[in-house]
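The values are calculated or read from the model by the stated rules, or taken from the named source; none is laboratory data. In this text, all values refer to a predicted model and were calculated from it rather than measured experimentally. Neighbour counts are summed over all protein chains in view; Cβ atoms, including those assigned to glycine, are modelled from backbone coordinates with ideal geometry. All accessible areas refer to the heavy atoms of the entire protein, side chains included, with ligands and DNA or RNA removed. Shrake-Rupley method; radii C 1.70, N 1.55, O 1.52, S 1.80 Å.
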Amino acid sequence: MSPIVAHATTSMKIGTVVWIGYGPFFVADAKDFYKKHDLKVKLQMFTDPALIPTAMASHSVDGGMLTYDQVIGSVAKGLAHKVVMPIDYSNGGDAIVADAAITKVTDFKGKKIGFNPLSPSDFLLSYALKKNGLSEKDYQAVPMTPEAVPAAMASGGIPVGVTYEPSLSQILSMGGGKKFHVVFSSKNAPGLIADVLVFDQKYIQAHPKEIKGLIESYVDGMNYMKAHPDESAKIIGKAMGVSGKEVMDQMSGVYNIPLAEMPKAFVKSADTTSYYASGEVISGILKSKGQITTIPATEATIDSQFVKSLVK
């Protein structure tokens with residue numbers, strides 16, 4: 001008789017926020033897809049994603065779900081944070097909305113624009129302006145949180161605002177849906193606002209098996225969502241505090257990257273779905289706004305070994 005081998009279960013704590021793109025993780029969590037990889041994963045909810053890199057640095061969480069701009073910021077400050085897997089990118093879920101009289105980006109000239117500085121909203125706005133030959137000198141910035149944009153637009157305080165779901169749908173439904181419209185959205189810049197799974201270099205070296213298991217559990221979560229959409233929407237809704245229907249509505253604004261497409265994010269390309277291209281845009285904005293002093297090499301922000309090993 002062969003001896004029974006007891007598998008040791010590794011505990012892992014991942015910092016995250018309530019965001020529709022993290023749906024497959026919420027499903028993997030509810031279904032405990034981690035178990036077969038001898039993993040016990042705790043998703044630690046944060047109200048502000050800006051607090052997650054600090055929590056990783058102090059080891060109160062092992063890894064985090066962040067936007068790629070946060071990784072660039074961390075690496076520029078000397079932290080060894082690396083993207084091990086692309087999660088999703090905003091595909092219309094972040095947008096610049098304006099009143100009916102403003103039909104194109106060039107109409108922003110001289111206008112007040114409400115947005116959250118140094119956030120994905122800022123990157124989307126800067127990218128849209130650059131594409132249309134405008135700069136930050138051409139408009140009046142009104143700093144505010146994404147959640148404050150609907151009220152500011154409703155009161156007529158600002159004619160243009162940058163926000164994301166669910167505030168976006170709120171604005172578009174005002175005045176019977178005729179008052180405001182989308183002028184430019186993350187659909188026009190796929191990959192610019194990208195969510196990523198991140199670990200510190202030391203943790204990657206010490207726990208490669210566990211990270212691979214976490215990624216495989218996420219992929220199982222994605223597959224389960226495809227096979228059981230209604231049940232999955234309820235699970236995600238419970239994690240996010242919204243209804244299953246709202247989950248379905250918000251899902252159209254994000255693109256969860258299938259496993260087969262994941263390697264593309266790590267390859268040099270002029271397409272914003274590549275970290276090389278989106279990183280160039282983001283780094284340029286962070287540097288021009290004094291957030292970072294030097295632009296880190298893209299290679300210092302990514303580790304493609306896990307994705308490559310899973311995509312045969």
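Could you say which residue among 54, 47 is farther than 13 Å from residue 301 by Cα, over 16 Å from the mean Cα position of the chain (by Cα) and open to solvent by 40 Å² or more (accessible area, probe 1.4 Å)?
Numbers: 47 fails: over 16 Å from the mean Cα position of the chain (by Cα).
One residue alone meets the criteria, 54.
Go through the stretch 132-231 and tell me which helices (runs of 4 or more DSSP H), entirely inside it, have 2 or more residues that are under 22 Å from residue 249 (Cβ atoms) and open to solvent by 20 Å² or more (accessible area, probe 1.4 Å). I'd like the intermediate steps shown before the answer.
Numbers: elements: 149-154, 167-172, 201-206, 208-227.
Helices (runs of 4 or more DSSP H) meeting the threshold: 149-154, 167-172, 208-227.
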Practice prompt. Report, by residue number, each residue of the stretch 101-127 that is closer than 18 Å to residue 190 by Cα, among the small types (Gly, Ala, Ser) and modelled with pLDDT of 95 or more.
Written response: none
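Name the residues in the stretch 286-301 that are open to solvent by 20 Å² or more (accessible area, probe 1.4 Å) and either in a helix (DSSP H, G or I) or at pLDDT 90 or above (or both), would you?
We begin by selecting, within the stretch 286-301, every residue open to solvent by 20 Å² or more (accessible area, probe 1.4 Å); these are 287-291, 293-300.
287, 288, 293, 294, 295, 296, 297, 298, 299, 300, listed by residue number.
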Practice prompt. Residue by residue through the stretch 78-115, note down the ones that are without any contact (Cβ under 8 Å) to a residue 40 or more places away in the chain and under 25 Å from residue 52 (Cα atoms).
Written response: 78
Worksheet item: Can you name every residue in the stretch 269-285 that is in contact (Cβ under 8 Å) with a residue 24 or more places away in the chain, part of a helix (DSSP H, G or I) and not aliphatic (A, V, I, L, M)?
Response: 275, 278, 279, 283
Fill in: Selection within the stretch 176-198 - touching a helix residue (DSSP H, G or I) at 6+ places or on another chain (Cβ under 9 Å) and on the phi > 0 side of the Ramachandran plot
191
Practice prompt. Six or more apart or on different chains, Cβ under 9 Å: which pairs go from a residue in the stretch 45-56 that's small (Gly, Ala, Ser) to one that's assigned to a loop (DSSP other than H, G, I, E, B) and open to solvent by less than 70 Å² (accessible area, probe 1.4 Å)? Could you list them?
Written response: 50/119; 55/46; 55/61
Discussion item. Looking only at the stretch 302-312, filter to residues that are in a loop (DSSP other than H, G, I, E, B) and out of contact with any strand residue (DSSP E or B) (no Cβ under 6 Å at 6 or more places or on another chain); which one of those is most open to solvent (accessible area, probe 1.4 Å)?
Written reply: 312
Worksheet entry | Given (1) at pLDDT 95 or above; (2) open to solvent by 10 Å² or more (accessible area, probe 1.4 Å), index of the condition residue 81 fails | (2)
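Quick check on the stretch 232-244: of everything there that is open to solvent by less than 10 Å² (accessible area, probe 1.4 Å) and in contact (Cβ under 8 Å) with a residue 12 or more places away in the chain, which residue is nearest to residue 49 (Cα to Cα)?
Initially, the stretch 232-244 is screened for residues open to solvent by less than 10 Å² (accessible area, probe 1.4 Å), giving 232-233, 236-237.
Okay, now just the ones that are also in contact (Cβ under 8 Å) with a residue 12 or more places away in the chain, so 232-233, 236.
Values: 232: 24, 233: 23, 236: 19 Å.
If we take residues in the stretch 232-244 being open to solvent by less than 10 Å² (accessible area, probe 1.4 Å) and in contact (Cβ under 8 Å) with a residue 12 or more places away in the chain, then 236 is nearest to residue 49 (Cα to Cα).
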Item to complete: Considering every residue within the stretch 50-64, establish whether at least one is in contact with a helix residue (DSSP H, G or I) (Cβ under 6 Å, 6 or more places away or on another chain), under 17 Å from residue 279 (Cβ atoms) and not in a loop (DSSP other than H, G, I, E, B).
Response: yes
